[in-house]
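The values are calculated or read from the model by the stated rules, or taken from the named source; none is laboratory data. Fair warning: this is a prediction, and the values are worked out from it, not measured in the lab. Here the Cβ is made from the backbone with ideal geometry for all residues, glycine too, and neighbour counts use every protein chain on show. Keep in mind that these areas ignore ligands, DNA and RNA; they rest on the heavy atoms of the full protein, side chains included. Shrake-Rupley method; radii C 1.70, N 1.55, O 1.52, S 1.80 Å.
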Amino acid sequence: MADSPEAEAEAGVEAGVEAGVEAGVEAGAGVEVEALRPDRLELGEGIRWTDRGIVLVDILAGRLLTAVGHPTDPLRQLAQLPVPLGAVAPVAGTPDSWIAAAGTGICLLSPDGTTRWLAQPEADAARPTRMNDGTADPFGRFWAGSMAYDADEGAGSLYRVDHDGTVARVLDGITVPNGPAFTADGATMYLADSARGVIRRYPVDPATADLGTPEVYVTVDDGSPDGMAVDAEGAVWVAVWGTGTVRRYLPDGRLDRTLSLPARQPAGVCLQENLLHITTARVGLAEPGPYDGAVFTARVDVPGRPAAAYRHHPSSPSLASFPGEAS
């Protein structure tokens with residue numbers, strides 16, 4: 001029986017890292033970072049290790065991509081939307097279907113590329129606004145942020161999609177939300193406000209998903225904290241836009257290590273076991289370098305876990321007839 005695309009992708013990345021392709025660069029702390037694939041994305045973010053393999057988005061192009069095959073193969077496009085696509089999470093029980101932060105709201109994306117909108121809360125925003133980063137928490141809810149196209153101060157919000165498909169605004173007054181990222185028990189959420197250079201940590205009620213009083217986790221003075229991932233020790237890997245670095249912060253907020261990249265705008269990170277995958281962007285650069293927009297991979301000491309799936313109640317009226325839903 002042939003290996004699944006997910007198994008092929010994982011084996012391919014392992015082979016590529018073991019072999020050490022010529023694109024490898026020393027990232028500091030004895031870690032080599034490699035640009036294994038030829039793609040150069042405009043705004044590569046939302047990278048996740050899922051039960052369907054590695055997925056990521058090119059936000060402004062509305063593209064959902066996956067890393068499959070040999071580690072030097074181009075990324076494969078799964079879907080393209082006519083609106084920006086901030087991030088996705090798999091929908092449990094619906095093979096090849098996704099919940100997506102896209103355009104001005106949240107939609108369900110079916111295997112044939114069609115969409116069903118759960119809500120478009122930013123459609124009537126005072127300033128042109130789009131969805132940005134998002135993820136599912138360990139309890140199966142989906143969280144996603146929004147931002148003004150011009151990054152207008154305080155124009156962004158954070159939304160939560162509950163198990164019945166209801167979309168609720170849970171935070172406002174954010175400028176550029178990135179993340180969120182959750183601890184393995186789902187009791188803590190990290191959320192970056194990139195434009196303000198701050199990452200806040202929120203307690204999360206496991207039963208209601210209500211957010212408690214936040215505290216400042218990390219303040220970044222030399223760049224913008226962007227995508228994040230929490231590892232098995234509770235440390236947080238952060239892509240720091242504008243600095244060409246990815247940083248690991250310990251649970252108490254202390255900086256543990258810094259990886260340097262030959263790309264100025266790291267935007268997203270995910271952990272696939274002990275492989276750290278990093279997306280970057282070339283948008284806004286007058287003269288992009290050869291690695292701006294590349295996807296990088298580095299081997300790290302502490303592993304991560306697969307991204308959670310969005311889980312819904314089968315009786316939910318808003319989801320029950322979603323194409324591809326398992327019976």
With the cut-off at 1.5 for a/c, could you classify the range 93-145 from its C-alpha gyration tensor as rounded, prolate or oblate?
oblate
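Hey, with R₀ at 30 Å, roughly what FRET efficiency would Arg311 and Asp112 work out to, going by the Cβ-Cβ distance, to 0.05? Provide the component values of the computation, followed by the final result.
Details: r = 22 Å, r/R0 = 0.75.
Once rounded, the FRET efficiency stands at 0.85.
Using per-residue counts of other Cβ atoms within 10 Å, averaged over each peptide, order 174-183, 288-297 from highest down.
Values: 174-183: 24.3, 288-297: 21.0.
Output ranking for 174-183, 288-297: 174-183, 288-297.
On the accessible surface of the chain, probed at 1.4 Å, how many percent belong to carbon and sulfur atoms? Mind dumping the intermediate values first?
Working: 6380 of 12750 Å².
Carbon with sulfur: 50 percent of the solvent-accessible area.
Whenever you get a sec, line up Glu153, Glu42 from highest to lowest accessible area (probe 1.4 Å, protein heavy atoms).
Correct descending sequence by accessible area is Glu153, Glu42.
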Quick one: if you stick a label point 7 Å off each Cα along the C-beta vector at Asp205 and Ala92, how many nm between them?
2.1
Using the heavy atoms of the protein chains alone and a 1.4 angstrom probe, what is the accessible area of the range 25-95 per residue in square angstrom?
34
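Top to bottom by accessible area (1.4 Å), largest first, where do His70, His163, His277 land? Provide the component values of the computation, followed by the final result.
On the way: His70 100, His163 40, His277 10 Å².
Listed by decreasing accessible area, they come as His70, His163, His277.
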Relative to the present Cα-Cα distance, how much length would full extension add between Ala125 and His70 at 0.36 nm per residue of separation?
15.5 nm
For the range 212-252, what percent of Cα pairs sit more than 15 Å apart?
42
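Would the chain count as rounded, prolate or oblate if I go by the C-alpha gyration tensor, calling it rounded below 1.5 in a/c and otherwise prolate when a/b exceeds b/c, oblate otherwise? Write down the numbers at each step before the final one.
Numbers: a/c = 1.43, a/b = 1.18, b/c = 1.22.
Rounded, because the longest to shortest axis ratio a/c is under 1.5.
Explain nothing, just the number: dipole magnitude of the range 169-252 about its Cα centre with +1 on each Lys and Arg Cβ and -1 on each Asp and Glu Cβ, in debye rounded to the nearest 20. Present the calculation step by step, with values, prior to reporting the outcome.
Values: 6 positive and 12 negative charges, 35 e Å.
For the range 169-252, the charge dipole is close to 160 debye.
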Evaluate the distance, in nm, between pseudo-label points positioned 7 Å from the Cα of Asp256 and of Asp301 along their respective Cα→Cβ axes.
0.8
Contour minus end-to-end for Thr213 and Glu42, with contour as 0.36 nm per residue of separation and end-to-end as the Cα-Cα distance?
58.0 nm
Within the range 245-275, name every residue whose backbone N is under 16 Å away from a label modeled 7 Å from Cα of Ala151 along the Cβ vector.
245, 264-268
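Rounded if a/c is under 1.5, else prolate if a/b is larger than b/c, else oblate: which is the range 29-83, with a ≥ b ≥ c the root eigenvalues of its Cα gyration tensor?
Details: a/c = 1.82, a/b = 1.58, b/c = 1.15.
Here the range 29-83 falls in the prolate category.
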With springs only between Cα atoms under 10 Å apart, run a GNM on the chain and tell me which of Glu233, Glu34, Glu45 wobbles the most.
Glu233
Nearest 20 debye, what's the magnitude of the dipole of the chain about its Cα centre given +1 on Lys and Arg Cβ and -1 on Asp and Glu Cβ?
500
